[in-house]
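Since the structure comes first, as structure tokens, the remarks are kept for the end.
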Amino acid sequence: MSQLPSANGQSGHSKPALIFTVDDEEMITSVVEAILLSEGYEVRVFQDPTLALKAFTEAKRKPDLVVTDFVMGEMNGMELIEKCKRQVPGLKTILLSGTVTENFVLSFPIQPHKFLAKPFQAEQLVSAVRMVLNSPSR
């Protein structure tokens, strides 16, 4: 029986949850990284969704959660989520956006576990991450 992550991202006997965060705005990834690191999570940051997908594909240890922006250069966040979920169907995901609404996201066949509108407060991100990590895979 596996244990659920605690508030600091760790279960009773395993490593901290690994989170990939993807946003083409360096300021956003820096802030998200700082917030998640302060909560005890292990974080990998990407400004390019293509590089994030490559790292995801090649990773021996897949992330427990992918937090991604929607609008990014060559690939949007929903495309990234879809491509990652083809490899790991139960992957947990959070979509961030300051340009699209949650209703718009509902039109996609594959859904993130959580949508978080930008700008958001640190507490909102932490709460969303905890909720998603503690939720069953789908």
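The values are calculated or read from the model by the stated rules, or taken from the named source; none is laboratory data. Because the structure is a prediction, the values reported are computed rather than measured. Cβ coordinates were reconstructed from backbone atoms using ideal geometry, including for glycine residues, and neighbour counts include every protein chain displayed.
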Item to check | Residue that is buried (at least 17 other Cβ atoms within 10 Å of the Cβ), acidic (D, E) and either under 17 Å from V31 (Cβ atoms) or in contact with a Pro (Cβ under 8 Å, 6 or more places away or on another chain) (or both), where the choices are E79, E123 | outcome: E79
Checklist entry - Only one of L116, L91 is in contact with a strand residue (DSSP E or B) (Cβ under 7 Å, 6 or more places away or on another chain) and within 13 Å of T21 (Cβ to Cβ); which? => result L116
Next on the checklist: Take I94 and tell me if it is touching a helix residue (DSSP H, G or I) at 6+ places or on another chain (Cβ under 6 Å) and closer than 27 Å to Q121 by Cβ.
Outcome noted: yes
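Could you list, in sequence order, the residues of the range 58-106 that are among the β-branched types (V, I, T) and outside any loop (DSSP other than H, G, I, E, B)?
First, the residues of the range 58-106 that are among the β-branched types (V, I, T): 66-68, 71, 81, 88, 93-94, 99-101, 105.
Selection gives V66, V67, T68, I81, T93, I94, V105.
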Item to check | The one condition in (1) within 19 Å of L116 (Cα to Cα); (2) small (G, A, S); (3) touching a residue at least 40 places away in the same chain (Cβ under 8 Å) that A34 fails to fulfil | outcome: (3)
Item to check | Boolean, S97 is surrounded by 20 or more Cβ atoms within 10 Å (Cβ to Cβ), in contact (Cβ under 8 Å) with a residue 24 or more places away in the chain and over 11 Å from the mean Cα position of the chain (by Cα) | outcome: yes
Item to check | Contacts under 8 angstrom Cβ, first residue in the range 43-63 being within 12 Å of I19 (Cβ to Cβ), partner β-branched (V, I, T) and part of a helix (DSSP H, G or I), 6 or more apart | outcome: V43/V32; V45/T29; V45/V32; F46/T29
Checklist entry - If we keep just the residues of the range 36-52 that are surrounded by fewer than 20 Cβ atoms within 10 Å (Cβ to Cβ) and of a type outside the set (D, E), which is farthest from Q87 (Cα to Cα)? => result S38
Next on the checklist: Restricting to the range 10-29, and then to whatever is modelled with pLDDT under 95 and hydroxyl-bearing (S, T, Y), can you tell me which residue is farthest from K118 (Cα to Cα)?
Outcome noted: S14
Checklist entry - Which members of the range 107-138 meet the condition of being within 15 Å of the chain's Cα centre (by Cα), among the hydrophobic types (A, V, I, L, M, F, W, C) and in a loop (DSSP other than H, G, I, E, B)? => result I110, F120
Checklist entry - Can you name the condition, by its number, that D64 falls short on among (1) surrounded by 14 or more Cβ atoms within 10 Å (Cβ to Cβ); (2) within 21 Å of D24 (Cβ to Cβ); (3) not hydroxyl-bearing (S, T, Y)? => result (2)
Checklist outcome for this item: Restricting the range 49-105 to residues that are of a type in the set (F, W, Y) and within 22 Å of P119 (Cβ to Cβ), the one modelled with the highest pLDDT turns out to be F70
